[in-house]
Amino acid sequence: MRALTWHGKRDVRVETVPDPRIEKPDDIVVRVTSTGICGSDLHLYEIFGPYLDPGDILGHEAMGIVEEVGPEVSELSPGDRVVIPFNVSCRDCFMCDQGLHSQCETTQVRERGMGASLFGYTKLYGQVPGGQAELLRVPFGNKLPIKVPEGPADDRYVYLSDVLPTAWQAVEYADIPEGGTVTVLGLGPIGDMATRIAQHRGARTVIGVDLVPERLSRASAHGVACLDARRGGEVAEAVRELTEGRGTDAVIDAVGMEAHGAPFAKAAHWVTGLLPDAVAQPLMEHAGIDRLAALHTGIELVRRGGTLSLSGVYGGAASPMPLLTMFDKQIQLRMGQANVWRWVKDILPLLTDEDPLGVDSFKTHAMSLEEGPKAYAMFQAKEDGMVKTLLKP
């Protein structure tokens, strides 16, 4: 089969690799029909090389048609249409029973001290082959895949793999009061969708902050009050003007460590990509090298007693935090990988012909799998207004 594989910093290639096969009795093999490029994939493209091996298959936002099932699979048959959550979760363990599928005890990567395995996402999360490929082996075939109806185009359902549950959890964790206010930092795929979900769930004022003009225009068209991050301190002033001087009830950080600013941390990220893995891994795990501009902005913008919800990915184990300010402002902080199956029942009823979240027109680009390397380069450079790209194997 053809698959998009990692070979080094800013070096991904589409290659012919062995087809996946049934390895356990409850495995299935899915023929991928759509697979997304996520902002988190750019972390692999830029930063997390120490945890990847050349040839690793990337991607964790896939859907397609069941091609083959193992002998113990009773819930699916070849020909069924499924979306694959990015968490590899059994849905039977203690953590899954708590709705914490990203902490699944069956697939936790204990040797790394990490949570549940993820498709296409480094040794830290199990080094499971990903979905930017023609075929994908999926474990827990009776429990993990989300079966979806025939009919609508893939765009209707593919975001159940990551974008929709991640944005939904970000809004849920933000705990926005009815008729309340929220600032969303970063209007990439997750931030953009979070603004739509916040509006749908009754937020009175949704403020979006980014520095890419196309992203600001896109969110503004959906009724978001957009602020240009390039205006620096004026952003905080504008947020206070919109909220009677207090700041918003909640802030969602949908940026993470890709935030602009923090030149020392930017340099540290760049250096780790050049070091041997044996040196770079402990540096990333124990040094505070994250670029925390977005997180610090969120702490500034949230009102006293408000909530800060983190969906952006951070990687430094010792990243410095302004704990005095956080304590003084009595900020609540919630974060974590999205627990996909926890939110499926909430989201599926919204994927109707009315399309209240605008999923049918959410993508900005559709490209072939063979164009994957070009798509990564465009997304990293924020070219051509690219916000969300679906690859078609």
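The values are calculated or read from the model by the stated rules, or taken from the named source; none is laboratory data. It should be emphasised that the depicted structure is a prediction, and the values quoted were computed from it without experimental measurement. All Cβ positions, glycine included, derive from the backbone under ideal geometry; neighbour counts span all protein chains shown. SASA here: full protein model, heavy atoms, side chains in, ligands and nucleic acids out. Shrake-Rupley method; radii C 1.70, N 1.55, O 1.52, S 1.80 Å.
Expressed to the nearest 5 percent, the antiparallel share of DSSP beta bridges inside the chain is 50 percent.
Projecting label points 7 angstrom from Cα along Cα→Cβ for Lys345 and His7 puts them 4.7 nm apart.
The fraction of accessible area contributed by carbon and sulfur in the chain is 51 percent, rounded to a whole number (1.4 Å probe; ligands and nucleic acids excluded).
Entry note, the chain: the mean residue ellipticity at 222 nm calculated from DSSP H runs of n ≥ 4, each adding -39500 (n - 2.57), is -7500 deg cm²/dmol after division by the residues and rounding to the nearest 500. For Lys329, the aspartates and glutamates whose Cα comes closer than 14 Å to its Cα, not counting residues fewer than 8 places off in the same chain, are Asp249, Glu300. Can you give the FRET efficiency for Arg21 and Leu211, using 1/(1 + (r/R0)^6), R0 = 51 Å, r = Cβ-Cβ distance, to the nearest 0.05? The computed FRET efficiency comes out at 0.65.
Separation of the stretch 160-198 from the stretch 347-393 is 18 Å, based on Cα centroids. Between Gly188, Phe327, Val359, the Cα set farthest toward the positive side of the dipole of the chain (charges on each charged residue's Cβ, about the Cα centre) is that of Phe327.
Between Ala366 and Lys143, the distance separating the two model label sites (each 7 Å from Cα on the Cα→Cβ line) works out to 3.5 nm. Ala221 label point, 7 Å along Cα→Cβ, cut-off 13 Å on backbone N: hits in the stretch 355-393? Counting backbone N atoms under 13 Å from the label point, the list is 358-365, 385-388. Take every Cα pair under 8 Å whose residues are at least 6 apart in sequence, average their separation, divide by the length of the chain, and the relative contact order is 18 percent.
Rolling a 1.4 Å probe across the protein heavy atoms gives the chain an accessible surface of 41 Å² per residue.
Suppose every Lys and Arg Cβ carries +1 and every Asp and Glu Cβ carries -1, with no other charges. What dipole size does the chain come out with about its Cα centre, to the nearest 20 debye? Let's see the in-between values first.
Working: 38 positive and 53 negative charges, 142 e Å.
The dipole magnitude comes to about 680 debye.
Could you give the length gained by full extension between Arg110 and Thr325, i.e. 0.36 nm per residue of separation minus their alpha carbon distance, to one decimal place?
Here the segment from Arg110 to Thr325 would lengthen by 74.0 nm.
For a straight C-alpha distance cut-off of 16 angstrom, the aspartates and glutamates reachable from Lys374 (same-chain residues fewer than eight places away being disregarded) are Asp11, Glu15, Asp41, Glu46, Glu383, Asp384.
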